[in-house]
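Colleague: Handing you this structure, nothing more for now.
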Amino acid sequence: MNARFIFFLGRRMLRGRGGTARYLRGAVAGIALSLVPLIVVMEVSTGMIDGIMARLLEVGTYHLQVSLPPDIALPKLLGMASSVATVRDVVAVVPERQGTGMLIGARGAAGVSIRCVPPDIFRVDAGFRSLVAITAGSPDLSRDDGILLSSALAGTLGAVTGDTISALTTYGGDMSGPPRLTPLRVTGIYETGYQELDKNLAYASLAAAPHILSPRASRTLLGVKVRDPFANLLPVEKEIAAAAGGDARVASWDEIEYARLASFRTTKALLLFIMALVVIVASVNVSSSVLMIIFERRHDLGILKSVGAGPRSLSVAFLFAGFSTGFLGAVGGVAAGLLVAVNINGVIAGLEWAVNRVLGLASLLWSTVNPSAAAFGPFTVFNSAYYLKSIPIRIEPGEVIAAAVATLLLSAVASYLPAARAARTRPLDILRKV
Amino acid sequence: MSSVSLSPLVSIASLGRRFVNGTESLEVLRDVNLAVTAGSTVAITGESGCGKSTLLGLIGGLDRPTSGRVVVRGTDITALSESDLSGYRNREVGFVFQFHFLLKDFTALENVIIPAMLGRESSRALRERGRRLLAEVGLSQRMNAWPLELSGGERQRVAVARALINEPPLLLADEPTGNLDERNARTVEDLLFDLVKAHGRTMIIVTHDSGLASRTDDRLQLAGGVLQRG
């Protein structure tokens with residue numbers, strides 16, 4: 001086997017003057033095009049899942065929750081928070097009381113989850129601060145009657161900062177007690193970017209919790225943030241339980257959100273599986289291209305064998321051509337895929353803009369025929385009610401490299417099999433047929 | 001048979017080749033015996049389809065016999081592995097076919113040197129040797145031409161140069177002038193004999209051309225699967 005001969009021959013197959021090189025160029029394009037959706041799905045779903053999980057962890061569930069008796073007195077709750085804050089790796093502790101109720105505004109009402117938190121939550125909890133953006137007013141919860149509404153909720157209620165809204169909550173432990181109506185003043189409006197969190201969540205002052213939420217119809221907890229929520233949390237859970245005392249029950253975020261996390265992972269795995277099938281089909285295309293080249297160059301094979309090229313050299317030369325095809329396709333596909341993935345928000349916005357322009361034009365034309373017809377659209381790629389308002393992109397180099405290497409290997413295997421078979425043919429059998 | 005020698009370059013004993021296609025069987029060669037001494041030229045003539053090219057293919061290691069042995073320079077090539085047989089074709093034999101069989105994606109010079117690229121010689125030295133050979137066959141001005149840009153006679157001259165690039169002791173020519181017009185045929189014929197003589201090679205040539213056959217040291221006829229003195 002001679003590397004110079006193999007390289008020379010393989011290169012000519014890729015750049016040959018004859019028409020056969022077009023098969024490999026077609027295969028390069030096929031592989032590149034098939035890799036684009038794989039890379040986009042991989043990186044966008046990673047970004048999407050990470051983005052949602054970050055919001056759930058930082059704004060929704062905390063990293064760890066210490067469930068406490070609902071009727072625990074506020075001073076004791078604050079004392080426990082101080083105690084838990086001393087545990088190694090704990091970076092923030094937020095005492096909280098959660099309950100449900102209905103908020104009534106000037107324009108409408110909505111069932112919500114009311115979370116009563118300390119006024120210094122934005123100062124104490126950096127993760128919360130980074131993901132809860134105040135879009136109007138201030139995050140001030142120092143007043144007992146203050147409330148923060150999400151922008152979606154404010155829209156539903158028709159409330160703006162400074163407005164007074166009412167919180168309707170039940171005060172009996174079995175939900176059958178008399179309702180309590182508490183006037184609250186909207187001090188600020190926020191957004192997390194995750195509509196599922198935003199649409200039915202309001203923050204009130206922890207000091208106001210006893211007035212708004214019945215101890216028997218609410219939950220009291222300590223929300224704990226640690227240095228690394230993705231590390232093994234068992235040791236810190238034990239330390240927190242010890243610090244919080246006998247009644248405390250500690251649960252980590254992956255226990256609380258296990259079903260949702262499993263659903264995300266399964267969805268991503270299924271999507272990747274489907275996209276991987278596309279790549280496999282594209283790699284089989286390499287095999288077809290090599291087969292076509294072998295068919296069209298069968299007399300070249302005969303000639304090369306007649307001058308002494310061995311079966312191994314010829315197989316490896318075709319393998320080189322197939323591998324190069326896979327390499328070029330993988331490089332092109334990864335580059336194009338990353339380009340689309342990094343700009344996915346712009347791509348989606350552009351797509352929606354273009355489709356909506358067409359729908360607008362179609363509506364206009366259709367209205368001339370049927371003036372009473374409703375307009376078409378609007379078209380949206382993602383319903384932001386279920387996803388993030390904007391997709392955070394996180395490139396995972398390991399995933400990208402794995403996809404590229406798998407494509408390369410598939411291309412190599414796909415090209416080797418037909419080449420090895422062709423290289424075993426006796427030269428006279430080939431030359432006789434020319 | 002060729003002149004008897006104690007150590008012939010090519011020695012064939014009881015060679016047979018049968019082609020089987022489904023239930024049909026065709027015995028093209030049976031009990032072929034031949035000895036060719038080094039430095040001689042031998043012509044094999046015979047009717048179309050009598051098995052001349054098959055015999056040449058067996059001597060050149062392009063095919064394997066059904067029975068018998070082909071010994072070249074003391075090595076029984078019928079017992080060689082595929083890999084060793086490739087090495088034999090590369091180093092011991094040079095082929096000139098009726099059709100030029102040039103690789104269309106390679107220039108004239110590249111076509112000439114491609115058998116030698118399987119060896120270890122430097123690319124620079126190889127190209128230099130290729131240029132010299134192309135000059136010998138009168139194509140010093142056409143080295144970088146693609147096969148499609150060459151005339152039939154020029155392509156065949158490139159094929160002759162390619163056959164000689166590895167300086168093989170044995171040259172096998174299968175109707176080397178069969179596809180050429182009279183003038184080009186004579187040019188290639190002269191070239192072959194001149195080069196074989198100049199380089200001290202042994203040549204076995206298969207031909208219908210009695211004129212070409214008459215220029216060889218020995219003439220044999222293949223008929224009914226058996227080789228006879230012509």
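The values are calculated or read from the model by the stated rules, or taken from the named source; none is laboratory data. Since we're looking at a predicted model, the values are computed, not measured. Glycine gets a Cβ as well: all are built from the backbone with ideal geometry, and neighbour counts include every protein chain shown.
Colleague: Yes or no: segment B:170-178 includes at least one residue that is in contact with a helix residue (DSSP H, G or I) (Cβ under 9 Å, 6 or more places away or on another chain), over 20 Å from residue B:34 (Cα atoms) and surrounded by 20 or more Cβ atoms within 10 Å (Cβ to Cβ).
Modeller: There is at least one residue in segment B:170-178 that is in contact with a helix residue (DSSP H, G or I) (Cβ under 9 Å, 6 or more places away or on another chain), over 20 Å from residue B:34 (Cα atoms) and surrounded by 20 or more Cβ atoms within 10 Å (Cβ to Cβ).
Colleague: For segment B:44-91, which residues satisfy the criterion of being aliphatic (A, V, I, L, M) and within 9 Å of another protein chain (Cβ to nearest Cβ)?
Modeller: Within segment B:44-91, B:58, B:62, B:85 qualify.
Colleague: Note down all Cβ pairs under 8 Å where the first residue falls in segment A:86-113 and is over 27 Å from residue A:182 (Cα atoms), the second is among the polar types (S, T, N, Q) and surrounded by fewer than 20 Cβ atoms within 10 Å (Cβ to Cβ), and they're at least six residues apart or on different chains.
Modeller: A:93/A:82
Colleague: Next up: Any residue that is at pLDDT below 90 and in contact with a Gly (Cβ under 6 Å, 6 or more places away or on another chain) - is there at least one of those in segment B:121-139?
Modeller: For segment B:121-139, residues at pLDDT below 90 and in contact with a Gly (Cβ under 6 Å, 6 or more places away or on another chain): absent.
Colleague: Under 8 Å between Cβ atoms, at least 6 apart or on separate chains: pull out the pairs that start in segment A:197-222 with a residue that is crowded, with 18+ Cβ neighbours inside 10 Å and end on any residue that is among the acidic types (Asp, Glu) and not in a loop (DSSP other than H, G, I, E, B).
Modeller: Here the result reads A:198/A:191; A:206/A:96; A:220/A:96; A:221/A:96; A:222/A:96, each pair linking segment A:197-222 to a residue that is among the acidic types (Asp, Glu) and not in a loop (DSSP other than H, G, I, E, B).
Colleague: Could you check segment B:112-157 and list, in sequence order, the residues that are within 12 Å of chain A (Cβ to nearest Cβ), part of a helix (DSSP H, G or I), touching a residue at least 12 places away in the same chain (Cβ under 8 Å) and under 18 Å from residue A:304 (Cβ atoms)?
Modeller: B:112, B:113, B:116, B:118, B:126, B:147
Colleague: When both residues are 6+ apart or on different chains and their Cβ atoms are under 6 Å apart, which pairs have a first residue that lies in segment A:354-380 and is in a loop (DSSP other than H, G, I, E, B), and a second that is surrounded by fewer than 12 Cβ atoms within 10 Å (Cβ to Cβ)?
Modeller: That search, which allows pairs on different chains as well, returns nothing.
Colleague: Name the residue, out of A:304, A:261, A:272, A:291, that is within 14 Å of chain B (Cβ to nearest Cβ), touching a residue at least 60 places away in the same chain (Cβ under 8 Å) and part of a helix (DSSP H, G or I).
Modeller: Testing whether each residue is within 14 Å of chain B (Cβ to nearest Cβ), touching a residue at least 60 places away in the same chain (Cβ under 8 Å) and part of a helix (DSSP H, G or I) leaves just A:304.
Colleague: In addition: In contact (Cβ under 8 Å) with a residue 60 or more places away in the chain, away from chain A (no Cβ under 13 Å) and surrounded by fewer than 24 Cβ atoms within 10 Å (Cβ to Cβ) - does that describe any residue in segment B:162-169?
Modeller: For segment B:162-169, residues in contact (Cβ under 8 Å) with a residue 60 or more places away in the chain, away from chain A (no Cβ under 13 Å) and surrounded by fewer than 24 Cβ atoms within 10 Å (Cβ to Cβ): present.
Colleague: State the number of residues belonging to segment B:132-155 that are among the charged types (D, E, K, R) and buried (at least 17 other Cβ atoms within 10 Å of the Cβ).
Modeller: 4
Colleague: When segment B:40-86 is examined, which residues are found to be closer than 22 Å to residue B:96 by Cβ, of a type in the set (Gly, Ala, Ser) and surrounded by 15 or more Cβ atoms within 10 Å (Cβ to Cβ)?
Modeller: Answer for segment B:40-86, where residues must be closer than 22 Å to residue B:96 by Cβ, of a type in the set (Gly, Ala, Ser) and surrounded by 15 or more Cβ atoms within 10 Å (Cβ to Cβ): B:40, B:43, B:46, B:51, B:53, B:57, B:60, B:61, B:86.
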